[in-house]
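In what follows, a structure is listed as structure tokens, so that the remarks can point back to it.
The values are calculated or read from the model by the stated rules, or taken from the named source; none is laboratory data. Treat the numbers as computed from the prediction; the structure is a model and nothing was measured. Don't worry about glycine lacking a Cβ; one is built from the backbone with ideal geometry, like all the others, and counts go over all protein chains shown. For accessibility, only protein heavy atoms count, side chains too; no ligands or nucleic acids. Shrake-Rupley method; radii C 1.70, N 1.55, O 1.52, S 1.80 Å.
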Amino acid sequence: MKSVETTGKTIEEAILMAVAKLGVQRDNLEIEVLEQPVKGLFGIIGGRDARIRATIKKSIKDEIKEFLSRVLELMGIEARIEITEEESQIMVKLSGQNMGLVIGRRGETLDALQYITNLAVNKSRSDCKRIIIDTEEYRSKREETLRKLAKRLANKVQRTKKSIVLEPMNPYERRIIHSTLQNHPYVTTYSEGEEPYRKVVIKLK
């Protein structure tokens, strides 16, 4: 990232010089004090100005792109990374060849990639945002599939009066099942088991 070294009678003055040189707001700079100011004898002899290094902070989008590029390269996958920042979350869309490898079995690789990206990018930031990674509209297709599955199984529970335990799902997929059936007149849902084998149970009310 771009950085400059500046001096001033005080640290504050040196920082203001850096702000002027880099053309960004102070909040967007990381400041490293290289030398503290020293007052000279009679304010003249032997004095020393403050010296700092100011570096423009990486944006969260920069960090996401840098991290994902490195991980995808290690996976041997070339992908275009498009990032859209929203108020509470960041959408990351991957496109390119071999996106099936990125998705993995039932989206497990995509979920793992999303999980480690959230950990790596948010660990040292105060402005944490949820990062959602998608490719080939997998998440919307998977959500539609799960909603249809939930409704079909709810009808089966209503008809047979027997509870149904679904296969293990991640928290995102379990929420889809719960939200789809939360207002169902005849069945209710709950989760049981420990991660990563936690399952949704659909039972008669």
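With a cut-off of at most 16 other beta carbons within 10 Å, and DSSP calling the residue loop, which trypsin sites (Lys or Arg not before Pro) in the stretch 65-128 qualify? Please list them.
Loop-located and lightly packed - LYS123, ARG125.
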Fraction in percent of alpha-carbon pairs per bin - 5 Å, the stretch 29-139: 2, 10, 18, 18, 12, 8, 6, 5, 5, 5, 4, 3, 2, 2, 0
Would you look at the GNM of the chain, springs on alpha carbons closer than 10 Å, and say which of TYR190, TYR115, TYR138 moves the most? TYR190
Selection from PRO185, TYR138, PRO196 lying farthest towards where the dipole of the stretch 85-205 points positive, charges on Cβ: PRO185
How big is the dipole moment of the chain about its Cα centre under a simple scheme where the beta carbon of each Lys and Arg is +1, that of each Asp and Glu is -1, and everything else is neutral? Debye, nearest 20, please. 1300 debye
Running a GNM on the chain with Cα contacts under 10 Å, which residue among THR117, THR135, THR160 ends up with the highest mean-square fluctuation? THR160
Using the structure shown, select from LYS93/LYS129; LYS162/LYS199; LYS129/LYS156; LYS58/LYS93; LYS93/LYS151; LYS21/LYS61 the pairs with a Cα to Cα distance greater than 27 angstrom. LYS129/LYS156; LYS93/LYS151
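Of ILE83, ILE52, which has the most accessible area with a 1.4 Å probe, and how do the rest follow in descending order?
So, going from the largest accessible area down, we get ILE83, ILE52.
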Solvent-accessible area per residue for the stretch 66-205 at a 1.4 Å probe radius, Å²? 62 Å²
In nm, the gap between the two label points placed 7 Å beyond Cα toward Cβ at ASN122 and ASN155 is 3.7 nm
Principal axes first, then extents: for the Cα atoms of the chain, list largest minus smallest coordinate on each axis, whole Å, largest first. 94, 39, 26
How far apart, in nm, are two points set 7 Å out from the Cα along the Cα-to-Cβ line at THR188 and at THR145? 3.0 nm
Fully extended contour minus Cα-Cα distance, from ARG198 to ARG80, at 0.36 nm per residue: 39.1 nm
How much length would be gained if the chain were fully extended between LYS61 and ILE164, taking 0.36 nm per residue of separation minus their Cα-Cα distance, in nm to one decimal? 32.9 nm
Separation of alpha-carbon centers, the stretch 165-189 and the stretch 17-87, rounded to whole Å: 45 Å
Of SER124, THR160, GLY23, which is farthest along the charge dipole of the chain in the positive direction, counting Lys and Arg as +1 and Asp and Glu as -1 at C-beta? THR160
